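To keep things clear, I will list the structure first and then write my remarks on it.
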Protein chains: 2
Amino acid sequence: MLKEGWLWGLGSGLLLLWLGAWLRPAQGGRVLVMPVEGSHWLSMKVLATELAQRGHNILVLVPETNILIQSSELFRTETFPVKISKEELSTSLKGFQEGVFKRSPALMDIVIQVGRLVNFTGTQVEGCESLLYNKPLMQKMKEENFDLVLTDPFLPCGPIIATALGLPVVYFLRGMPCGLDMLASQCPSPPSYVPRFHSGSTDKMTFVERIQNFVMSGVELGLCRIMYASFDELASRYLDADVTYQEIIGRGAIWLLRYDFTFEYPRPLMPNMVFIGGINCRKSAELSAEVEEFVKGSGEHGIVVFSLGSLVSSMPKKKAAIFFKAFSMIPQRVLWRYTGEIPDNVPENVKLMKWLPQNDLLGNPKAKAFITHGGTHGIYEGICHGVPMVMLPLFGDQDDNVHRVATRGVGVVLSIHDITTETLVDALNTVINDSSYRQRMEKLSAIHNDRPMQPLDLAVYWTEFVMRHKGADHLRPAAHDLNWLQYHSLDVIGFLLFIVLIVTLATFKCCALCWRRCCRKLQKRKRD
Amino acid sequence: MLKEGWLWGLGSGLLLLWLGAWLRPAQGGRVLVMPVEGSHWLSMKVLATELAQRGHNILVLVPETNILIQSSELFRTETFPVKISKEELSTSLKGFQEGVFKRSPALMDIVIQVGRLVNFTGTQVEGCESLLYNKPLMQKMKEENFDLVLTDPFLPCGPIIATALGLPVVYFLRGMPCGLDMLASQCPSPPSYVPRFHSGSTDKMTFVERIQNFVMSGVELGLCRIMYASFDELASRYLDADVTYQEIIGRGAIWLLRYDFTFEYPRPLMPNMVFIGGINCRKSAELSAEVEEFVKGSGEHGIVVFSLGSLVSSMPKKKAAIFFKAFSMIPQRVLWRYTGEIPDNVPENVKLMKWLPQNDLLGNPKAKAFITHGGTHGIYEGICHGVPMVMLPLFGDQDDNVHRVATRGVGVVLSIHDITTETLVDALNTVINDSSYRQRMEKLSAIHNDRPMQPLDLAVYWTEFVMRHKGADHLRPAAHDLNWLQYHSLDVIGFLLFIVLIVTLATFKCCALCWRRCCRKLQKRKRD
C-alpha cells in the first residue's frame, strides 16, 4: 500500500508539474488598469485580482474622490487628485439616489436618462482631464513600461492613455450607451432583430416595433454624437490629432464583454469579442455565523434576498413602508441591503444589512427569490445560482435588462413608482410558489453554467494573450480601413447605377437615332 | 518522506477524481455520423473517434462504394448500397485527377469549377437518395434513438435525415460553396471586406476589387440557386414540405467551423459558430524506422514534404519529370506522396511513398518546406507546425486558400500548369533560405497554437452540450424568423418613405391650396 502511495505521489506530482506549467502566468506582465467607478469596478476587480494572483504586476489608477475603488494587498494603486470633493460627490450621489424614486413623465423618461448620462459623463471627463494633464503622473506611467492597458471604454481616460502610451488595450465592459462598442468594433447590429436601448422590444418584433427600433437606431446615432462630443473633443485635444472617440476605441485588441446568451439575445459578433458574462458569479463562500443563523432559521420557507445595487441602498420612508409591510405578510425571511431610515416596527423576518453577501446568499439552497433593481451583476448572479427574480428597474440599462429576464419567464417586473404592498406580495408569491418559474430558471442556469471555460479563466487567457503577442492583430477586421459609405458598398452601388444609367441612356440614344433615321428614310421613300 | 508521499497521493488522488468528474463524458450519448467523402472525412473522423473514446455510441453511415471512409474498432459503421459501382467511382476519380492537370481558359475556369461541383453534387445527391429511400435502413435509424446527428452540410443527406428524425444537429465543415453556410446561419458577410469565392481578393480591396467582389456576391446568389436546386428538390420531396436546403441547414444547433484567423480573414460571426481550425493537427507521433532513417540522413539541410492531397497522388509523366529534376538540384531530402509512374532516374534524395505521415513529418524539426496543393488540412498542419510552403492549387477552394497563405508572407504560389524546374527550385530556395519566411511562419504558428482550448476539446464540448440540452436554442438568432426584405428592414424603409411621401404631398397640397386662396383674395382685392 505504501509503495502504491509513492507511485500515486510520483505520478500525480508529474501531473501537477505539467498542470503548473500549463497554467503558468505569462511571466509577470505589467498591466495598467483604468477602471470606471461604481458597479463597473466590482467585476473588473475580479479580473485585476486574478491577474495579480497569477503573478502579474497590476497598477490601478484611482481618483482621489471615489465610491468603491479601494486599495488591495494584491495590486498597487496610484491615486490622482480630481476637482470634485468628497462632499460634492456625496451630495451628487444623494441627489441621484433620490432622483431614481421620482417619476418622470413617460415621454420625458428617455430625455431625462440621456440628460443624466450626459451630466454624468461630463463630470467624469473632468476627472479624466485631471488625470491626463497631470504631467508628473503621466510621465511616471510612461516610465512604468506597461505591457497592456485594461480599461472600461465607458469613460475615455483608459483608451486615451493607451493610445498616448502606444500600448495594446483590452476592454472590459457590458456595453456602451448608443451601442458605441458595436460601432467601434465594426460589429453589424441589424435593427430588424437587435433591439435598441430603451426600445422595450425583444429580438422578435412586430412590424410596428421594427419601425420603432429602426427609427431609434437612427435617433441613437444623433444622440451619440451629442453624448460623446466631449470625449471626441478631449481625445482630439490631448492626442493632438483629428480623431473621434469611436476611432480611438476601435483600436482595442480584445473586447471582454460581460455577455451571455442566456441573458442577451443572439446577434452577430466579431472575432475579437470574448464573452465573460457572469464573471462576477462564484461558488458561494460560507456566510458569517450571524447571517448563517438567520438563513437557517427560515426553515422550509427559505429566504428572499433584496438589494437595489451598489449605488442605491435607501429609499423614501413611504416607499420603504410598502416593502416592510409586504415582507411582514410572507412566510420567507428577507435579507435587505438597506441604509435608510429604520422604522420602529421592522418585521421579525426582515434583516437589514449595510452590505449584503449577495452572491453567497443567492448560492444558498434556501434562496427562494431575489428582489433586484436589474443591474447586470445581480442578474448574472441570479441566473448563475438559479434564483427567480422580482425586478424593480431604476435607471440606465436596467429597464432593458429586466425585460430580457421577464421574457424568459424567470422573473416578474414591478414599477418602483407604482409598487404597492399587494403587487409586491403577489409578485413574490408568484416567483416562489409557481414552480414553472423555478423550473425555467434552473434550465437557464444549467445552460449558463455549462461553458467550456469559466469566464474568469477566459478573461485571464485573452489578457495574457495580448501581452504575449503585443496585441491581437489577427482578429482585427479590415472593416476598420473603410468609411461608412465604403463599408456598406454605397460607393460601389452608386458607381454601378451610374454605369447602368450611362448604358441605358446610350442605348436609348442609339435607338432614338436609329428610329429617326428609319423614319427619315421612310418619309423620303413616301415622298419619292 | 513516506508520509509526505501518502499526502501527495491523497491530495493528487482527489485532484484526479475532480479532474475525472470534470472531464467525464455526457453519459454515453448516441450519435449518428453522416460524413462527406474524401478529405472532409479525414478531420471529421478525428472528432468521431474522440467522441467514441469518451464513451459515446457512434454510428457512421458509409456508402458501399467509397474512397476513404473505413470501419474502426471504436465506432460502428452501417454501409448502404449506392448506384455507383467501384469501377465507376474509380474511373470518375481518375478522370478528375487527370482533369486537374489540364489547363482551362482563364475566363472559363470558374464555369468549369462550378460545372465540376454541380456534376459532383449531382452524383452525391443520387447516393443520398439511395440512403433516404432505403426504408429498412431508415426505420433502423429511427429505432436507434439517437441523441444527435453529426454531419457535414456540404451534402444534403445528413441535414435531411436529422430533420426527418427530428434530431438536433451539429455541423462540421470548413465552409460551403456560395457561402451557403453563412447565409443559412444568418451571418452577415459585407462584400466590402469579406472576399467571395474565387475572387482573388484579400480582405483589403481596392475600389475595383470591391466592385468585382460586390458583383460576384450577386452572381454567387444566382449560381447557388442552380447549384443547390437538386438539394432543394430532394429535401422538399423527401420531407414533403415546401422548404429550401438553406432553411433545412439553418436549423443546425452548432456550426463547428474549421476556421482560424491565422488563416481566414476576420469577419462577422454568429454565436452558434465554434472555431476548430487545425483540429487535424496533432503532436507528431514517431516515424517508422525506415522513414526516420531517411529523415535523419538529411543532415542540416533537412527535408521537404510533398503531397497534393488525399485525392491526387499521381501526375502526367512530363509534369512529374519537372519535379524529379528540381529535387535533384536541391540539397534537401524530399518525401513525396506519389503513386504515378516511376522513372528510372529517381534522384537519391527523393523518397516516394503511397501514403505520407504528413502531420508527423511536418512536426519533425528537420522539415524545412512543405509542397502542398493548398487544401485546408495541409495548410493547417503547415501553420500548426510552422513550416513555410510552396503551394500548387489544383481545384475548389485551393486557389483562395493559397492566396490567403501567400499574403501572410509564409508561402509562395506556383501554377501547376506553368511550373518549370527553375521556378520550383527558386520557390523552394526562397522559402527555405530567406529566413523571413520562417520567422513570419513561426509567429503565425505561435498565434495559431495559442488558444484557450484545443480545437478537438472544443468540438467535443459543444457536441456534448447539444446532447445535454437537446439543442442550443439560446444561441439561435431571431433573424431566422425574418424574410430577406424584413431582415434588411426594406419593408420598414419602404413604409417610412411612403409616409414621408404622403406628408410631403399633403403639405404641398395644403400650401398650394393656401397660395391659390391668397391669390384669389389678392385678385379680388385688385378687382375691387
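The values are calculated or read from the model by the stated rules, or taken from the named source; none is laboratory data. These numbers were taken from a predicted model, which means no experiment stands behind them. Cβ coordinates were reconstructed from backbone atoms using ideal geometry, including for glycine residues, and neighbour counts include every protein chain displayed. Ligands, DNA and RNA are stripped out before the accessible areas are found, and what is left, the full protein with its side chains, is counted by its heavy atoms. Shrake-Rupley method; radii C 1.70, N 1.55, O 1.52, S 1.80 Å.
Does A:SER435 meet the test of being over 18 Å from the mean Cα position of the chain (by Cα), in the same structural domain as A:ALA326 (by TED's automatic domain parsing) and open to solvent by 30 Å² or more (accessible area, probe 1.4 Å)?
Spelling it out, A:SER435 is indeed over 18 Å from the mean Cα position of the chain (by Cα), in the same structural domain as A:ALA326 (by TED's automatic domain parsing) and open to solvent by 30 Å² or more (accessible area, probe 1.4 Å).
Provide a single number: the residues in segment B:463-497 that are surrounded by 18 or more Cβ atoms within 10 Å (Cβ to Cβ), of a type in the set (A, V, I, L, M) and either at positive phi or within 10 Å of another protein chain (Cβ to nearest Cβ) (or both).
Going through segment B:463-497 one residue at a time, the tally reaches 6.
Condition check ((1) under 21 Å from B:MET270 (Cβ atoms); (2) of a type outside the set (A, V, I, L, M); (3) out of contact with any Ser or Thr (no Cβ under 6 Å at 6 or more places or on another chain); (4) not assigned by TED's automatic domain parsing to the domain that holds A:TRP462) across all residues:
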residue: A:ASP181; (1), (2), (3), (4): yes, yes, yes, no
residue: A:SER189; (1), (2), (3), (4): yes, yes, yes, no
residue: A:ARG196; (1), (2), (3), (4): yes, yes, no, no
residue: A:SER199; (1), (2), (3), (4): no, yes, yes, no
residue: A:MET205; (1), (2), (3), (4): yes, no, yes, no
residue: A:ASN213; (1), (2), (3), (4): yes, yes, no, no
residue: A:SER236; (1), (2), (3), (4): no, yes, yes, no
residue: A:ARG267; (1), (2), (3), (4): yes, yes, yes, no
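Checking the condition within 14 Å of another protein chain (Cβ to nearest Cβ), out of contact with any Asp or Glu (no Cβ under 7 Å at 6 or more places or on another chain) and basic (Lys, Arg), which residue from A:ARG337, A:ARG267 passes?
A:ARG267
Pairs needed: first member in segment A:312-330, closer than 22 Å to A:SER39 by Cα; second member anywhere, assigned to a helix (DSSP H, G or I); C-beta distance under 6 Å; at least 6 residues apart or different chains.
A:VAL312/A:GLN97
Are there strands (runs of 3 or more DSSP E) fully within segment B:263-376 with at least 2 residues that are open to solvent by 20 Å² or more (accessible area, probe 1.4 Å) and not hydrophobic (A, V, I, L, M, F, W, C)? List them. Lay out the reasoning, then the answer.
On the way: elements: B:273-275, B:303-307, B:333-337, B:350-353, B:367-372.
Answer list for segment B:263-376: B:333-337.
Just to be sure before I move on: is B:PHE275 free of Cβ contacts under 8 Å to residues at least 60 places away in the same chain and facing chain A (nearest Cβ under 9 Å) in the structure I sent?
Judged against the criteria, B:PHE275 is not a match.
Could you list all residues from segment A:29-47 that are under 17 Å from the mean Cα position of the chain (by Cα) and not β-branched (Val, Ile, Thr)?
A:MET34, A:PRO35, A:GLU37, A:GLY38, A:SER39, A:HIS40, A:TRP41, A:LEU42, A:SER43, A:MET44, A:LYS45, A:LEU47 - these are the residues of segment A:29-47 that are under 17 Å from the mean Cα position of the chain (by Cα) and not β-branched (Val, Ile, Thr).
I need every pair where a residue in segment A:425-436 that is free of Cβ contacts under 8 Å to residues at least 40 places away in the same chain has its Cβ under 8 Å from the Cβ of a residue that is open to solvent by less than 20 Å² (accessible area, probe 1.4 Å), sequence separation at least 6 or different chains.
A:ALA427/A:VAL390; A:SER436/A:GLY409
Identify the single condition in (1) under 21 Å from B:THR430 (Cα atoms); (2) in contact with a strand residue (DSSP E or B) (Cβ under 9 Å, 6 or more places away or on another chain) that B:LEU356 does not satisfy, given that it satisfies every other one.
All conditions pass for B:LEU356, except number (1).
How many residues does segment B:238-264 hold that are among the β-branched types (Val, Ile, Thr) and more than 13 Å from chain A (Cβ to nearest Cβ)?
4
Being at the interface with chain B (Cβ under 7 Å from one of its Cβ atoms) and open to solvent by 30 Å² or more (accessible area, probe 1.4 Å) is the filter here, so list the residues in segment A:190-206 that pass it.
Of everything in segment A:190-206, just one residue is at the interface with chain B (Cβ under 7 Å from one of its Cβ atoms) and open to solvent by 30 Å² or more (accessible area, probe 1.4 Å), namely A:LYS204.
Which of (1) open to solvent by less than 60 Å² (accessible area, probe 1.4 Å); (2) touching a Cys at 6+ places or on another chain (Cβ under 8 Å); (3) more than 11 Å from chain A (Cβ to nearest Cβ); (4) not basic (Lys, Arg) is the odd one out, the single condition B:ASN449 does not satisfy?
Exception for B:ASN449: condition (1).
Which is part of a strand (DSSP E or B), at pLDDT 80 or above and either within 30 Å of B:PHE275 (Cα to Cα) or outside the structural domain of B:MET273 (by TED's automatic domain parsing) (or both), of B:GLU78, B:GLU73?
B:GLU78
A:ALA235 passes all but one of (1) more than 14 Å from every other protein chain (Cβ to nearest Cβ); (2) in contact with a strand residue (DSSP E or B) (Cβ under 6 Å, 6 or more places away or on another chain); (3) open to solvent by less than 20 Å² (accessible area, probe 1.4 Å); which number fails?
All conditions are met except number (2).
Quick check on this structure: which one of B:ILE432, B:ILE447 is modelled with pLDDT of 95 or more and farther than 30 Å from B:SER185 by Cα?
On inspection, the qualifying residue turns out to be B:ILE432.
Go through the residues of segment A:157-171 one by one and say whether even a single one is among the aromatic types (Phe, Trp, Tyr) and assigned to a loop (DSSP other than H, G, I, E, B).
So the first thing to find is which residues in segment A:157-171 are among the aromatic types (Phe, Trp, Tyr), and the list is A:171.
Remaining after also requiring assigned to a loop (DSSP other than H, G, I, E, B): none.
Checked segment A:157-171: no residue is among the aromatic types (Phe, Trp, Tyr) and assigned to a loop (DSSP other than H, G, I, E, B).
Would you check which residues across segment B:171-189 are among the charged types (D, E, K, R) and open to solvent by 20 Å² or more (accessible area, probe 1.4 Å) and list them?
B:ARG174
For the subset of segment B:498-514 comprising residues that are under 27 Å from A:ASN213 (Cα atoms) and more than 14 Å from chain A (Cβ to nearest Cβ), which member is least open to solvent (accessible area, probe 1.4 Å)?
B:ALA506
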